[in-house]
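The values are calculated or read from the model by the stated rules, or taken from the named source; none is laboratory data. Since the model is a prediction, treat every value here as computed from it, not as a measurement. Every residue, glycine among them, receives a Cβ derived from its backbone with ideal geometry; neighbour counts consider all protein chains shown. Side chains are part of the model used for accessible areas, which takes the heavy atoms of the whole protein and leaves out ligands, DNA and RNA. Shrake-Rupley method; radii C 1.70, N 1.55, O 1.52, S 1.80 Å.
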Amino acid sequence: GSDPLAGNVAVFDSANGQVVTRIPVGVSPYDLVFSPGGDLLYVSNWSSRSISVIDTEANKAIAEIAVGINPNDMELGADGRLYVSNGNENTVTVVDTRQRRAVETIGVALAPRAPEGTTPNGLALDKANHMLFVANADNNCVAVVNVATPGKSQVLGFIPAGWYPSALHLAPRARLYIGNSKGLSAHANPAGP
C-alpha cells in the first residue's frame, strides 16, 4: 500500500512463487521480525506509529501495538522484548511481546533535551551481553545502550560513524559493521559522478 492507505504483508509459496494471501497491516509496512518459533510475525508500520502482530498459522493480524513516530528497524531479544527504532523521534520503544504493549522508551539523542533530529533507523542487539546498538542517522553515530535490566535501559555512550549510518550488523567476535547511506563525509565532486 502507499500512503495514506493501509499496507499488506504478502505470503508467497516458495515452491511455485505464487501469492498465497495478503495480510492487511498498518500504513507503510517497513520491517519484519519472526518470533523464535515462527508462529508470530511482527511488522513495523512506518506511517501508522504501530507494530502489527500476525498469527502465521491463521495468516491474519491479531493485534496492533502503539509505538513512536515512524517505527522502522526492529530487534527481538531472547526475553521477548522487541526493540523498535522510531525514525522521527529520538527514541527506541521497547515492547513486551507477551503483554503486547510498549513498556519503555529509550532516549538515544546526544543530549537528553535535544530537539528531534537524531533519526534512529537501524538496530543490532548483542543478546549475550545485553547491549543494543542504535544507528543515529542524523547524528552520524551509533548509540550504545545497556538493556540488561528491563525498564532501566541506560545509554552508555556513542560510537562515531560515517555519514548517515542506517544499517548495523553484529558479527562474531564482537565486531559491529556500520552501513553509512551517504558515505564517509561530504566533499566536492568537481569531475562529476
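For the reader, a short list of remarks on this structure follows.
- Global geometry of region 1-103, whether rounded, prolate or oblate, following the gyration tensor of its Cα atoms and the 1.5 cut on a/c: oblate
- If you sort the three axes of the alpha carbon gyration tensor as a ≥ b ≥ c, you get a/c of 1.5 or more for region 25-79 and a/b no higher than b/c, which makes it oblate.
- Cα gyration tensor, region 55-105 - rounded (a/c under 1.5), prolate or oblate: prolate
- Distance from the C-alpha centroid of region 138-182 to that of region 34-70: 24 Å, rounded to the whole angstrom.
- The listed residues ILE62, ILE106, once ranked by accessible area (1.4 Å probe) with the largest placed first, stand as ILE62, ILE106.
- About the centre of its Cα atoms, the chain shows a dipole size close to 340 debye [charges on the beta carbon of Lys, Arg (+1) and Asp, Glu (-1) only; nearest 20 debye].
- Nearby aspartates and glutamates by direct alpha-carbon distance to LYS152 (threshold 19 angstrom, same-chain neighbours under 8 apart not counted): GLU75, ASP79, ASP96, GLU104, ASP126
- Gaussian network model of the chain, springs between alpha carbon atoms under 10 Å - residue of SER47, SER181, SER166 with greatest fluctuation: SER181
- For region 41-50, the Karplus equation 6.51 cos²θ - 1.76 cosθ + 1.60, evaluated at θ = phi - 60°, returns couplings of 10, 9, 10, 7, 10, 3, 9, 10, 6, 8 Hz by residue, with Gly and Pro reported as x.
- Solvent accessible area, Å² - HIS169, 1.4 Å probe, full protein context: 110
- In this structure ARG49 has an accessible area near 130 Å², from a 1.4 Å probe over the protein heavy atoms.
- Portion, in percent, of the accessible area of the chain that falls on carbon or sulfur, probe 1.4 Å: 52
- Annotation: per residue accessible area for the chain equals 54 Å², rounded to a whole number [probe 1.4 Å, protein chains only].
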